[in-house]
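The values are calculated or read from the model by the stated rules, or taken from the named source; none is laboratory data. Nothing here was measured: the structure is a model prediction, and the numbers come from that model. Note that we place each Cβ from the backbone using ideal geometry, even for glycine, and neighbour counts take in every protein chain shown. These area figures cover heavy atoms from the full protein model, side chains too; ligands, DNA and RNA do not enter into them. Shrake-Rupley method; radii C 1.70, N 1.55, O 1.52, S 1.80 Å.
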Amino acid sequence: METKEILPKMPKSWNPASKPHKFCPGCGHGLVLKALGQVIDELNIQDRVVFGCDIGCSLLSWDFFNVDTVQTHHGRTTPVMVGIKRANPDLITIAYMGDGGGYAIGSQHLVNAANRNDIITAILVNNTVYAMTGGQMAPTTMPGQKTETTPYGRDIKEAGYPMLGPEMVAAIAHEGAYVARGSIAKFRQLKTFIKKAIENQMAGRGFSFIEALSTCPTNWRTNAEKTWDFVENIMPKYFPIGEYKVPGGKEE
Amino acid sequence: MVQKDPEYLKKAISVDVHTGKATFTIFPGLCKGCGLCREKCPERALDWSHKLGVYGTPTVSPNPELCKACRICEQVCPDCAITIRRKDKEEE
């Protein structure tokens, strides 16, 4: 072909040298980070963003962007980003974590940051399992779902109910907070939610929290067809998609 | 920071689709063969290819007669391994 060279359509804020990224084939992290990268490009804030990643599969994004990145202790992404934001309020801090980091070991920080109405953006990727360690039951594993440690399905009498994060954060968050749940199956909607969350932080209104429903074909042991079915049809039954708290009301 | 051209830029495969109005390009150096694009294609135009991707799994190739260059595959690819360029609209 003699035409102009065709390049992959990666967001400008991605670090091209670290691609192909380290996530498994079919992993939803790539799509959440693609949405985040496009939002960073559109808002033109690449030089102001500080990106913090947690332990778990989400740490594989440590060299994902050409932005300042901190890789924190397990569950401590939220307080680290709060600290950076308080030290330099001009920065835009994005805490990126999985459901284990946000709802298990780091739930205290999520609750307290939401309660203090800290002006940061937290993006939590929910794939219903602890993926990096081999697919054990996580706080978000749905009732009856089979995982490595619940081979007969999660029994709510024994293991309790899964965590509904945005509902909880919306219940305790104050005026000015933005809380929503998106899904990688609705990419444009997820991107809109992330954009609103970052704009909410830039306006200095309050805590912004996004949960993104994501895929894990490796630990769900699903092929592409069943992966889409799970994230599109089965997960939203338990984790309804939408906006839970918007500054000034008017949830979607 | 001096950056050499990444390895995945080499060996890109381009196919003219939609009666020549668009170009479908797959980067086997980025494609992990997850198949998410194949399931999402509304025309069922994507099929497994003999060309192997970065993990030694099959990549995809479009059927030029079925592909309408709608860009859904480009959007759902977590690795940005697919680029579609429409020739009627001058793009960057």
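Any chance you could check the Cα centroid distance between the range B:41-92 and the range A:20-37 for me, in angstrom? The range B:41-92 and the range A:20-37 have Cα centres spaced 17 Å from each other.
Take the Cα pairs of the protein assembly as shown, get the Kirkwood Rh, then feed it into Stokes-Einstein at 25 °C and 0.890 mPa s and tell me D in µm²/s. Write out the running numbers ahead of the final one.
On the way: Rh = 20.7 Å.
Reported coefficient: 119 µm²/s.
Helical runs (DSSP H, four residues minimum) scored at -39500 (n - 2.57) apiece and divided by the length of chain A put the mean residue ellipticity at 222 nm at -8500 deg cm²/dmol. Couplings 3J(HN,Hα) for the range A:220-237, derived from phi with the Karplus relation 6.51 cos²θ - 1.76 cosθ + 1.60 (θ = phi - 60°), are 6, 6, 10, 8, 4, 5, 6, 4, 5, 4, 5, 7, 8, 10, 8, 5, x, 5 Hz, where x marks Gly and Pro.
Working from label points 7 Å from Cα in the Cα-to-Cβ sense, the residue A:233 to residue A:203 distance is 3.8 nm.
On the protein heavy atoms, probe 1.4 angstrom, tell me the percent of accessible surface of the range A:20-101 carried by carbon and sulfur. Roughly 54 percent of what the probe reaches on the range A:20-101 is carbon or sulfur. Across peptide B:68-76, the mean count of Cβ atoms from other chains lying within 10 Å of each residue's own Cβ comes to 2. Distance from the alpha carbon centroid of the range A:177-250 to that of the range A:75-142 works out to 14 angstrom.
Find the sum over both chains of the accessible area lost when A and B are paired, probe 1.4 Å, and report it in Å² to the nearest 100. Walk me through the numbers before you get to the answer.
Details: alone 11770 and 6340 Å², together 15410 Å².
That pair of chains buries around 2700 Å² in total.
Taking Cα centre as origin and charging only the Cβ of basic (Lys, Arg, +1) and acidic (Asp, Glu, -1) residues, the dipole magnitude of the protein assembly as shown rounds to 180 debye.
Across the range A:221-246, the residues whose backbone nitrogen lies under 18 Å from the label position 7 Å along the beta-carbon direction of residue A:174 are A:245-246.
Summed over the residues of the protein assembly as shown and divided among them, the accessible surface reaches 45 Å² per residue at a probe radius of 1.4 Å. For residue A:226, the accessible area of its heavy atoms, probed at 1.4 Å with every protein chain present, is near 130 square angstrom. Sequence neighbours fewer than 8 away in the same chain don't count; with that in mind, list the aspartates and glutamates whose C-alpha is under 20 Å from residue A:237. In chain and number order, the partners are A:99, A:155, A:167, A:211, A:225, A:229, A:251, A:252. Between residue B:50 and residue A:42, the distance separating the two model label sites (each 7 Å from Cα on the Cα→Cβ line) works out to 4.2 nm. For the range A:35-118, the dipole from Cβ point charges (+1 on Lys and Arg, -1 on Asp and Glu) about the Cα centre works out to 360 debye, to the nearest 20. With 27 Å as the limit, the listed pairs A:85/A:186; B:11/B:40; A:191/B:11 have A:85/A:186; A:191/B:11 beyond it between alpha carbons.
For residue B:19, the solvent-accessible surface with a 1.4 Å probe is about 120 Å², rounded to the nearest 10.
Determine the alpha carbon to alpha carbon distance for each of A:9/B:87; A:9/B:51; A:226/B:32 and list only those over 27 Å. List each step's numbers first, then the result.
On the way: A:9/B:87 16 Å; A:9/B:51 21 Å; A:226/B:32 18 Å.
Cα-Cα > 27 Å for no pair; all within.
Under the simplified labelling scheme, the residue B:16-residue A:167 pair shows an inter-label distance of 5.6 nm, with each label point 7 Å from Cα along Cα→Cβ.
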